[in-house]
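Chemist: Sharing a structure below in structure tokens format, with a few things to ask.
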Amino acid sequence: MPKHAVRLVLLLVIFGALAVAARYFLVDKSYYKYGYYRGDAVMEIAQDKPRYQGTAYCESCHSDKVSEWSKSVHNNPDAGKVVKCEVCHGPAGSRDPQQHYMHAATGRVHPDDLKMAIPTDTQALCKLCHEQTAGRPSQQRQIVVKDHAGALQCTLCHNPHSPGTFVGSLAAPEHRGDAEAGKGKIATCLDCHGANGISAGLPGPTLAGQNQTYLIATLTEYKTGKRNDPMMAPIAAAMSDADIKDIAAYFSSLKCKSAANTAEQTAAAHEAGASVCVNCHGANGSSADRGWPNLVGQSKDYIVGTLKAYAGGQRPNTAMNALAKGMNDADVEKLAAYYAGYSCK
Amino acid sequence: MDELKMNEKEQIETCQSSRRAVLGYLGSAIAGSVAMIATGAMLPKAAHAAEAAPPVPALPGYDWSKHRWAFGVDATKCIGCLRCVEACKAENEVAGDAHHFRTWVERYVTLEGEEHARIDSQADPVNIAASGSEKEYRFANRYAGEKVEKAFFVPKLCNQCTHPACVQVCPVGATFKTADGIVVIDHTYCIGCEYCVQACPYGARFFNEEQGVSDKCTWCYHRITKGLQPACVEVCPVGARVFGDRNDKQSPISQFLANNRVQVLKPESGNAPNVFYVGIDKEVI
Amino acid sequence: MDHLFAVAPFTGYVYPNETIFGWSIMIVIYPYLSGLVAASFTVSSLYQVFGIKRLRPVAHFALLTSLCLMLFVPVSLMLHLGHPERALNSMFTPHWSSAMAMFGYLAGMYILLLVLEIWFIFRPYIVQRAQSGKSLMARLYNLASLGSHDLSEAAISHDRKWIFALAVTGIPAAHGFHGYTGFIFGSLKSREWWSSDLMPVIFLFSSIISGVALITVLYVLSCKLRKVAVDTDCLKGLGYTLWGFVMFTLILEGVEFGSVVYKAKEGIDIIMEYVTTRLVVPFFLLQFAVGAVTPTIILSYVFWKRATGKVLVAAITVSAALALLNVLMMRFNVIIGGQEISKTGHGLLQFPWVFLGRHGVLAGISVLAAPFVLLSILVRLLPPWVDGKNCNKAIA
């Protein structure tokens, strides 16, 4: 072979040897350990730190919330429905963001250095599962939230940890006054609220058949000054807690019932623009919850006046202030006229 | 699914894989000798692999030879709340936008008088507008005024196929199937050619531009090897996602497979997926 | 994050992850360049192995062209990779079930083969220059000659054996290399538009078109630049080759498309929607009508009329330029078109054009232009001309 060819072959051999050596030094030693891949990668990937910690992790500090939740409709394993803490609050752990994709075994953990999110826009949150949407299976509880609550936050009424129970009645404990004793303490009431508690044109609202819990709450608010009224404040101030319970028991025992809440009535209520009202006050003015007042038996003027007081903020109530502010005069007139149509029978 | 048939199938699969291995070594031998001439690279240490060094990686309290993971999706239960999608993004540090998903949810809606379903996912511009952010996901109530004949949601994720096309095409062995059945990516070895992204018939893979590597769902390998459930299963409020070990006859997935008639996506691809679906329609792709 | 990727708008339903095109301009350029490599090598081998003497004026030039193009094939891929610094992983730990694992070896082998063949062919010239004095260039040529200035009869005949062996090895290597590029796409079952057994064949034949066309255009151009008369006999040879392969490929692509339409498998609806809307201009007009049918008609006409002189040169050159467009559009329509049809079979995406950046059009044009800059330098270092006043007598 000529000299140049020999040199060429030699050059190729040197080049080849360098490549072999490079490969020997550069290939990871764990490659081919389990197959055509870097064996150590398995361990590295598995070492990543989990972010979602599970309900048991939350329970160690928040056992009250967890126990409330565990008995609720949001924890119903038999029906296959379990809304765990981290579904709404987000993961209780994080990974070190600098280690992104580099198999991070470090990161922050709640409560040490990671604050959990408390959802503020609960309507947006709850709608993720409960807004009526094409595609949601029928067994899923779903509503048209706009019609159900307007722009109100869901947690105004629902306890998010146990949404089947309502904040209103939860807040008001069970009260039992003596209606007979109460009958002897109402002499001053009748001038304004009418005999048998039916106002019929007098300045005060109808009290007959009103929810006991609501009456107690209202009288207590007058007594403590939380709610102000030149007429009621001094009267309530003179009452003892026992008096309030007894008087509430007496008025709630009086009859003022409208007919059953029918589908026709609901349709009529919607017609009158009361589709939001019916959720709490019923289509016929009978409240769905003891914490909220019945509207049956109230005059149109009284309802208009009350809504104006809510809108103006003279009467404080988170839900009603927000709702009343959203109504114009025509809305108020129409609503009041509608509910005034249900008088005591 | 018929257990006996499954066993048979696996035996065949095992045979195939050993045959494949032999072919692989043969191929590497031939190509290797070609390579010797060309660049002088050495034969891959195929013999080394055959000697079978430690068969189990050193994971605390976990033996990968004892597990056979599988995933079930009950589309009749999914409510499309997309908690799984957000949980996955958080758990796995996936880019918070509408173009990178390890898991996603599709919605199929057939309107009265229409022949084909309308399909969208949380990444659809209408749904992104409804959520108000590319980092949060929400199905817009876009069919509220329409007459809907049939509608359902279908969660999607990596099928961890028995014959993964993505692993087949990876030129460097950066993506591989673990002994317990999960296809993972070695992000420190991936060259970022995106061949695997092209090869996946299910669109389960995506490219992380920031890191220059491909990425995909791993069924939260870092969780399941610690006895936890994948993040999407952990947060699913209605039990539409089922996960477990097929070696354990009492596991949720074994029960799911025993009690349902399941199907897989695109079986004609030959990939043999390991995500089993209940309650999906002919239109689901 | 917007600067990192461009989002493709879509209609219908596409998988969420599909809205970013994985393979863009660089992957269009890669098969285009590698096709040009394979075919320009073939042109030189037609002379070296099969003794087609009329191609002598372009044989060496084609070889240099092939090398210059080949050096930029890996560049296009490296620009595409997310981690180009890890590219050698595919040669250190190749995963043999991957069509792409072969690339490093095939490309490396092919570059080596080209360098060796060029070295043996130009050795007399290199030695001549090495002996021409003590200048820096002379020293470099001396290094390139490996210090052996043996130009004896025996040494030259020994070299001829090498050249022949390399040219023979190069033919299957070139076509294997490019057919394999077609396999990269054809073997993917995830995309209806790519998944075809004919893909390697179509890639191969279209590559021959592009290579022959390129050599034609470059040869005519070089003659004009060197002010040398075009060897019409040689040009005619190239013209005939081009004519045959354009017709053959036209039929092959027609049959392939026809069989997709005729079989009408699942997903045909979206393919038909695609080709009848978005693909009308790039596919039917640019690729088929302008790029393939027009050159066929022009070439048929001039060969039928036995045209000579300037008409013949102009006709063949124009046809070759159109054929180059045909193949570029074919690459584009396959690689980008395949991704514009969603894997869902229920949606279409629109390729988002990006002009700047690593994957942009500007980078693409640069990679396409760079080989010719390199070639213009290389023909001065190793003149391949065997005619005219720049004739390289050492190798003529």
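The values are calculated or read from the model by the stated rules, or taken from the named source; none is laboratory data. Keep in mind it's a predicted model, so treat the numbers as computed, not measured. So basically every Cβ, Gly included, is an ideal-geometry build from the backbone, and we count neighbours across all protein chains shown.
Chemist: In the stretch A:36-45, what count of residues is obtained for those that are more than 7 Å from every other protein chain (Cβ to nearest Cβ) and assigned to a loop (DSSP other than H, G, I, E, B)?
Modeler: The number of residues fulfilling the criteria is 0.
Chemist: So, in the stretch B:133-176, how many residues would count as being facing chain A (nearest Cβ under 10 Å), in a strand (DSSP E or B) and of a type in the set (A, V, I, L, M, F, W, C)?
Modeler: 6
Chemist: Which condition number does B:Leu257 fail, the rest of (1) within 29 Å of A:Pro91 (Cβ to Cβ); (2) outside any loop (DSSP other than H, G, I, E, B) being met?
Modeler: All conditions pass for B:Leu257, except number (1).
Chemist: With the requirement that a residue be touching a Ser or Thr at 6+ places or on another chain (Cβ under 8 Å) and part of a helix (DSSP H, G or I), what does the stretch C:306-327 give you?
Modeler: C:Gly309, C:Leu312, C:Val313, C:Ile316, C:Thr317, C:Ser319, C:Ala320, C:Leu322, C:Ala323, C:Leu324, C:Asn326, C:Val327
Chemist: Where in the stretch A:153-256 are there helices (runs of 4 or more DSSP H), lying wholly inside it, with at least 1 residues that are within 32 Å of the chain's Cα centre (by Cα)? Show your work before the answer.
Modeler: Working: elements: A:167-171, A:179-183, A:190-193, A:212-224, A:232-237, A:241-253.
Per the criteria, A:167-171, A:212-224, A:241-253.
Chemist: Taking A:Ala319, is it assigned to a helix (DSSP H, G or I), touching a residue at least 40 places away in the same chain (Cβ under 8 Å) and of a type outside the set (Asp, Glu)?
Modeler: Considered against the rule, which asks whether it is assigned to a helix (DSSP H, G or I), touching a residue at least 40 places away in the same chain (Cβ under 8 Å) and of a type outside the set (Asp, Glu), A:Ala319 comes out as yes.
Chemist: Every residue in the stretch C:160-184 that is within 10 Å of another protein chain (Cβ to nearest Cβ) and surrounded by fewer than 15 Cβ atoms within 10 Å (Cβ to Cβ), please.
Modeler: Selection gives C:Lys161 alone.
Chemist: Name every residue in the stretch A:17-35 that is in a helix (DSSP H, G or I), facing chain B (nearest Cβ under 7 Å) and in contact with a helix residue (DSSP H, G or I) (Cβ under 7 Å, 6 or more places away or on another chain), in order of residue number.
Modeler: A:Arg23
Chemist: Being within 10 Å of chain C (Cβ to nearest Cβ) and within 17 Å of B:Lys156 (Cα to Cα) is the filter here; which residues of the stretch B:205-229 pass it?
Modeler: If the condition is that a residue be within 10 Å of chain C (Cβ to nearest Cβ) and within 17 Å of B:Lys156 (Cα to Cα), then B:Arg205, B:Phe206, B:Asp215, B:Lys216 are the ones that fit.
Chemist: Looking at A:His62, A:His74, can you tell me which residue is over 30 Å from A:His103 (Cβ atoms), more than 12 Å from chain B (Cβ to nearest Cβ), out of contact with any helix residue (DSSP H, G or I) (no Cβ under 6 Å at 6 or more places or on another chain) and not basic (Lys, Arg)? Before the answer, list the steps.
Modeler: Values: A:His74 fails: more than 12 Å from chain B (Cβ to nearest Cβ).
Sole residue among the options that is over 30 Å from A:His103 (Cβ atoms), more than 12 Å from chain B (Cβ to nearest Cβ), out of contact with any helix residue (DSSP H, G or I) (no Cβ under 6 Å at 6 or more places or on another chain) and not basic (Lys, Arg): A:His62.
Chemist: Residue by residue through the stretch B:61-104, note down the ones that are farther than 28 Å from A:Gln132 by Cα, at the interface with chain A (Cβ under 8 Å from one of its Cβ atoms) and in a loop (DSSP other than H, G, I, E, B).
Modeler: Selection gives B:Glu93 alone.
Chemist: Of the residues C:Phe355, C:Phe303, C:Phe332, C:Phe351, which is more than 14 Å from chain B (Cβ to nearest Cβ), under 28 Å from C:Gly22 (Cα atoms) and outside any loop (DSSP other than H, G, I, E, B)?
Modeler: Just one listed residue meets the conditions, C:Phe332.
Chemist: Let me ask something else about it. Counting just the residues of the stretch A:282-296 that are at pLDDT 85 or above and not hydrophobic (A, V, I, L, M, F, W, C), which one comes out surrounded by the fewest Cβ atoms within 10 Å (Cβ to Cβ)? Give the derivation first.
Modeler: As a first pass, look at the stretch A:282-296 and keep what is at pLDDT 85 or above: A:293-296.
This time we only want the ones that are not hydrophobic (A, V, I, L, M, F, W, C), so: A:293-294.
Values: A:Pro293: 20, A:Asn294: 26.
Checked the stretch A:282-296; the qualifying residue surrounded by the fewest Cβ atoms within 10 Å (Cβ to Cβ) is A:Pro293.
Chemist: Here is a further query. Residue by residue through the stretch C:341-396, note down the ones that are over 18 Å from the mean Cα position of the chain (by Cα) and of a type in the set (Gly, Ala, Ser).
Modeler: Those that are over 18 Å from the mean Cα position of the chain (by Cα) and of a type in the set (Gly, Ala, Ser): C:Ser342, C:Gly345, C:Gly347, C:Gly357, C:Gly360, C:Gly388, C:Ala394, C:Ala396.
Chemist: Restricting the search to the stretch A:284-316, which residues are assigned to a loop (DSSP other than H, G, I, E, B) and among the aliphatic types (A, V, I, L, M)?
Modeler: A:Ala288, A:Leu295, A:Val296
Chemist: When you scan the stretch C:89-159 for helices (runs of 4 or more DSSP H) that lie fully inside it, which ones turn up with 1 or more residues that are more than 7 Å from every other protein chain (Cβ to nearest Cβ)? Don't jump to the end; show me each part of the working.
Modeler: Working: elements: C:89-92, C:102-130, C:136-144.
Of the helices (runs of 4 or more DSSP H) lying wholly inside the stretch C:89-159, those with at least 1 residues that are more than 7 Å from every other protein chain (Cβ to nearest Cβ) span C:102-130, C:136-144.
Chemist: Quick one: is B:Glu86 of a type in the set (Asp, Glu), under 16 Å from the mean Cα position of the chain (by Cα) and assigned by TED's automatic domain parsing to the domain that holds B:Tyr202? Quick ask: steps written out before the conclusion?
Modeler: Numbers: of a type in the set (Asp, Glu): yes; under 16 Å from the mean Cα position of the chain (by Cα): no; assigned by TED's automatic domain parsing to the domain that holds B:Tyr202: yes.
Spelling it out, it is not the case that B:Glu86 is of a type in the set (Asp, Glu), under 16 Å from the mean Cα position of the chain (by Cα) and assigned by TED's automatic domain parsing to the domain that holds B:Tyr202.
Chemist: I'd like to verify a number: residues in the stretch C:104-125 that are in contact (Cβ under 8 Å) with a residue 40 or more places away in the chain and either among the hydrophobic types (A, V, I, L, M, F, W, C) or in contact with a strand residue (DSSP E or B) (Cβ under 8 Å, 6 or more places away or on another chain) (or both), how many? Break it down into steps so the answer makes sense when it comes.
Modeler: Step one: list which residues in the stretch C:104-125 are in contact (Cβ under 8 Å) with a residue 40 or more places away in the chain, which gives C:106-107, C:109-111, C:113-118, C:120-122, C:124-125.
From the residues that got through so far, the ones that are either among the hydrophobic types (A, V, I, L, M, F, W, C) or in contact with a strand residue (DSSP E or B) (Cβ under 8 Å, 6 or more places away or on another chain) (or both) too are C:106-107, C:109, C:111, C:113-116, C:118, C:120-122.
Residues flagged as in contact (Cβ under 8 Å) with a residue 40 or more places away in the chain and either among the hydrophobic types (A, V, I, L, M, F, W, C) or in contact with a strand residue (DSSP E or B) (Cβ under 8 Å, 6 or more places away or on another chain) (or both) within the stretch C:104-125 amount to 12.
Chemist: Name the residues in the stretch B:189-204 that are facing another protein chain (nearest Cβ under 7 Å) and part of a loop (DSSP other than H, G, I, E, B), would you?
Modeler: Matches in the stretch B:189-204: B:Tyr189, B:Cys190, B:Ile191, B:Gly192, B:Cys193, B:Glu194, B:Cys200, B:Pro201, B:Gly203.
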